[in-house]
Amino acid sequence: MLAVKGLRANVGGKEILRGLDFSVGPGEVHAIMGPNGSGKSTFAHVLSGREGYEVTAGSATFEGQDLLTLEPEERAQLGLFLAFQYPVELPGVNNTYFLKAALNSILKARGEPELDAVSFLRLIKEKLKILHLDDSLLKRAVNAGFSGGEKKRNEIFQMALLEPKLAILDETDSGLDIDALRVVADGVNALRSPERSMIVVTHYQRLLDYIQPDVVHVLSKGRIIRSGGKELALELEEKGYGWIDAEGQAA
Amino acid sequence: MNGVLPNGFESWLSAAPERPAGVGPDWLDDQRRVAQEQVRAQSVPTSKTEDWRYTSLKGLLEQGFAQVDESITALQPDDLEEILIPGLDSHRVVLVNGRYAPELSVLGDLPKGVRLGGLRALLDADPDALRERLNRIAGDRQPLFLALNTAGLDDGFVALFDRAVMLERPIELIHLSVGMDEPRVAQPRHLIVLGDGAQATLIERYVSLGESLYCTNSVLEISLGRDAVLQHDRIQMESANAFHLTGLYLSQDANSRYRGVNIGLGARWARTELVTRFRGEQAECDLQGLYLAGDRQLMDYHLDVAHSVPRCTSRENFKGILYGKGRAVFDGLVSVARDAQKSDAAMSNRNLMLSESAEVDTKPQLEINADDVKCSHGTTVGRIEPEMLFYLRSRGISAPLARRMLCLGFAGEIIQTLSAEALREHVSEQVGQRLESAPLN
């Protein structure tokens, strides 16, 4: 589904990704862990097409298409979704209007019929039920004045609505207390399916107690230095990133 | 030099007060004559005139506008179809090229104590009814365009509310312009008087049939008695080739509340002057504004809010979206007199620039002569945040649509202060349409 080979990328002239190899198959959940500055968020942003990241070498293909030449909206239309670490507040932009514009943009790009107001609201209600959310967030401006937990839930709600093939969760656990974390994790788990792959980017192991990954990768200095099962996350938790860094330097 | 140089506005005066003999009160003729003299005594403002520093009158003078001298009677109610706002239920007063058009107006049932309609009709029916009211608020030393309007004073819109009268449905004043063979200037004069405790909503719309060249120089005198409440939505959607001037003179007695929402979307050159005078304590004046200025377009706002008595509150909140080679001017003055303690004023002007070549000159000013007041002002000129744009695009929304959504979000704060949902939808749609055709650099 996603194949990344030898990816190198600069931010502000500084090389952050230094030859990253990574691939995800259909339905798989991969966790990417790593210390601050290892390049986790940069990787997520490069995949989603954010400006300001300069890819200098390597490739990233999504279902056979070269991802790196596409605009951010084209990537989303193909089925890529980024749940932001810091969801952006859009004052004055109504959440329902936003969700409808997003869904219809994607449907249109795929040549499918757009939803009218009635069928859209029906769909929204259905998705809210799956995630056990109430509809108060629909009437508000996108993320404006939302608490940290509400913002993250809104991200997962968007994901439920847009039904991506590949979702990248960028430090979705950051800034959440344990209750909010559980709500978000439950939402993510409800969206797991054999057709949907996920990349869970996180600093801490605790999110992985709730979202069980198939594969855990450790990122350090812009490269994946170790991959393994979910026991790797526990080992990291126990020994700390110093252990990996020390090994990485030794290697 | 005054009076020596022809000031270029003779053509506006020429046909002005030539009304049928025997019609119209003498007192009005006197006022017109005084105003004509005031016009002739003034020279054309230039860039050296402080109030006109950023706004040139050259383009306006080049057109050689002449006063409208005939009524348009050929319009049928069907012709209004494209102009009416679906779902807006109102007492409708229509003016065509500045003249009251009873055949197009639908006043509906009015409660006792409300007089609504055309200025000339009221003057003809009851010549002295307006003697103490018309041309009072605006003052004796009239600036050029006010004096021009008074000199040509002939018709317009009148709403008179006795004390404690409330009107549930809004009054909709449609000022419709229809192109003539030669470029014409219409100078409607509107008078709105609310007695003590009266309440009303007025929706004032400037629209056109076609994209013709004309000029509107409208003046409103609004007087609110004690405890009176007026919500006043103003939607300027003149033809893209039109020139538009508004002078709004507002007088507020104690405890009265005024909210004016000024939406400026049309005209190639538009200037709006809003002048507020508090006559009694604890009055509130809330001025909201939204303007779009695109290629070849100028939007110019001048605010003059004088806190001359204590304990009054004013808000001045204007937002602009500029694109292409659009230009805007915001010149806001809030003054607080020495005795006007406990005055509360907050002025803000925020601008969203969608292109490199757009320009805004913003000048909010506070002149405070009292010591126990709460006054603030702020101004911003910014661009669309790349973070916001990326967020929307990452959800599959194209860059142009994402920009429009963000602009509408920016404008929404002002749009939502309009009085009716149908009106809010109408304005959002119009703003969206204009942004859709806006060049992005």
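Which value, in debye to the nearest 20, gives the size of the charge dipole of segment B:10-280 about its Cα centre, when Lys and Arg are +1 and Asp and Glu are -1 at the Cβ?
Dipole size: approximately 1020 debye.
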Of the options B:GLY179, B:LEU144, B:ASN217, report the single residue whose Cα projects farthest towards the positive end of the charge dipole of segment B:130-230 (beta-carbon charges: Lys, Arg +1; Asp, Glu -1). B:LEU144
Straight-line reach only, C-alpha to C-alpha below 30 angstrom: list the lysines that B:LYS48 could link to, leaving out same-chain residues fewer than 8 apart. B:LYS58, B:LYS319, B:LYS325, B:LYS363
Show which aspartates and glutamates lie in cross-link reach of A:LYS221 when reach means a straight Cα distance below 15 angstrom and same-chain residues fewer than eight apart are skipped. A:GLU15, A:ASP21, A:ASP245, A:GLU247
Built amide H within the under 5 Å cut-off of B:GLN42, gap 5+: B:GLY3
Excluding residues fewer than 8 places away in the same chain, name every one of the lysines whose C-alpha is closer than 21 Å to that of A:LYS152. A:LYS40, A:LYS100, A:LYS125, A:LYS127, A:LYS129, A:LYS139, A:LYS165
Rounded to one decimal in nm, the spacing of the 7 Å Cα→Cβ label points at B:TRP27 and A:ASP66 is 8.2
For segment B:183-188, take each phi angle, set θ = phi - 60°, evaluate the Karplus expression 6.51 cos²θ - 1.76 cosθ + 1.60, and give the result in whole Hz per residue in order, putting x for glycine and proline. x, 10, 10, 9, 10, x
Cα gyration tensor, segment B:61-182 - rounded (a/c under 1.5), prolate or oblate: oblate
Which value, in debye to the nearest 20, gives the size of the charge dipole of chain A about its Cα centre, when Lys and Arg are +1 and Asp and Glu are -1 at the Cβ? 200
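Just the ratio, please: alpha-carbon radius of gyration of the protein assembly as shown over 2.2 N^0.38 Å, N its number of residues.
Working: Rg = 31.2 Å, N = 692, 2.2 N^0.38 = 26.4 Å.
Ratio of Cα Rg to 2.2 N^0.38 Å: 1.18.
Net charge near B:VAL219, counting Lys/Arg +1 and Asp/Glu -1 over other residues with Cβ under 14 Å of its Cβ? Before the final figure, lay out the partial values.
Details: positive: B:ARG32, B:ARG133, B:ARG136, B:ARG189, B:ARG234, B:ARG271; negative: B:ASP154, B:ASP155, B:GLU204, B:GLU221, B:GLU273.
Result for the neighbourhood of B:VAL219: +1.
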For chain B, built as a Gaussian network whose Cα springs stay under 10 Å, the top-fluctuating residue of B:GLN252, B:GLN31, B:GLN282: B:GLN31
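Using the membrane-span-like helix rule (whole DSSP H runs, Cα extent along the own axis of at least 20 Å, mean Kyte-Doolittle hydropathy at least -0.5), which helices of chain B qualify? Please list the in-between numbers first.
Values: long enough: B:26-40 (21 Å, -1.66); B:399-415 (24 Å, 1.06); B:421-436 (22 Å, -1.04).
Span-like helices in chain B: B:399-415.
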Specify which residue in the list A:HIS132, A:PRO194, B:ALA198 is farthest towards the positive end of the charge dipole of the protein assembly as shown, using unit charges on the beta carbon of Lys, Arg (+1) and Asp, Glu (-1), about the Cα centre. A:PRO194
Per GNM of chain A with C-alpha springs under 10 angstrom, the most fluctuating residue out of A:ALA233, A:ALA185, A:ALA101 is A:ALA101
Using a/c under 1.5 as the rounded threshold, could you call chain B rounded, prolate or oblate? The axes a ≥ b ≥ c are square roots of the C-alpha gyration tensor eigenvalues, and prolate needs a/b larger than b/c, oblate otherwise. rounded
Considering every residue in A:82-94, what mean count of other chain Cβ atoms within 10 Å of its Cβ is obtained? 5
Just to be sure I understand: with springs between alpha-carbon atoms less than 10 Å apart, which residue in B:VAL94, B:VAL381, B:VAL305 has the highest mean-square fluctuation in the Gaussian network model of chain B? B:VAL381
Quick one: which residues, 5 or more positions from A:LEU20 or on another chain, have an amide H under 5 Å from its amide H? H modelled 1.01 Å from N in the peptide plane, none for Pro or chain starts. A:GLY6, A:LEU7, A:ARG8
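Where does the protein assembly as shown land at 222 nm, in deg cm²/dmol rounded to the nearest 500, when only DSSP H runs of n ≥ 4 count, each adding -39500 (n - 2.57), divided by all residues?
On the way: 18 runs with 181 residues, N = 692.
Roughly -7500 deg cm²/dmol at 222 nm, from the helical runs in the protein assembly as shown.
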Indicate, rounded to the nearest 5 percent, the antiparallel portion of the DSSP beta bridges found entirely in the protein assembly as shown. 20
Please sort by residue number the trypsin sites (Lys or Arg not before Pro) in segment B:125-207 whose DSSP state is loop and whose Cβ has at most 16 other Cβ atoms within 10 Å. B:ARG131, B:ARG133, B:ARG136, B:ARG141, B:ARG163
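What dipole magnitude, in Debye to the nearest 20, does segment B:247-294 give about its Cα centre under +1 on Lys/Arg Cβ and -1 on Asp/Glu Cβ? Can you show the working numbers first?
On the way: 6 positive and 5 negative charges, 44 e Å.
For segment B:247-294, the charge dipole is close to 220 debye.
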Restricting to DSSP loop positions (anything but H, G, I, E, B) with no more than 12 other Cβ atoms inside 10 Å of their own Cβ, which GluC sites (Glu not before Pro) remain in segment A:92-189? none
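What are the GluC sites (Glu not before Pro) within segment B:326-429 that DSSP puts in a loop, where the Cβ has at most 13 other Cβ atoms within 10 Å?
Taking segment B:326-429 and a limit of 13 other Cβ atoms within 10 Å, the loop GluC sites (Glu not before Pro) found are B:GLU356.
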What share of the DSSP beta bridges in chain B is antiparallel, in percent to the nearest 5? 5
With 5 Å bins from 0: P(r) over chain A, alpha-carbon pairs, percent: 1, 6, 13, 17, 20, 17, 13, 8, 4, 1, 0, 0, 0
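Only bridges whose two residues both fall in chain A count here: according to DSSP, what percent of them are antiparallel, nearest 5?
Working: 25 of 43 bridges.
DSSP beta bridges in chain A are roughly 60 percent antiparallel.
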In whole Hz, the Karplus estimates of ³J(HN,Hα) for segment B:339-352 (6.51, -1.76, 1.60; θ = phi - 60°; x where Gly or Pro) are 8, 8, 5, 6, 6, 10, 9, 9, 10, 9, 9, 10, 10, 10
Using Cα pairs under 8 angstrom and six or more residues apart, how large is the relative contact order of chain B, in percent? 10
Using Cα-Cα distances under 8 Å and only pairs 6 or more residues apart, what relative contact order does segment B:283-423 have, in percent? 22
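Read-outs throughout are calculated quantities, based only on the coordinates presented, and are distinct from any laboratory measurement. This one's a predicted model, so the numbers in the text were calculated from it and none came from an experiment. Positions of Cβ are generated from backbone atoms using ideal geometry, with glycine treated the same way; all protein chains shown enter the neighbour counts.
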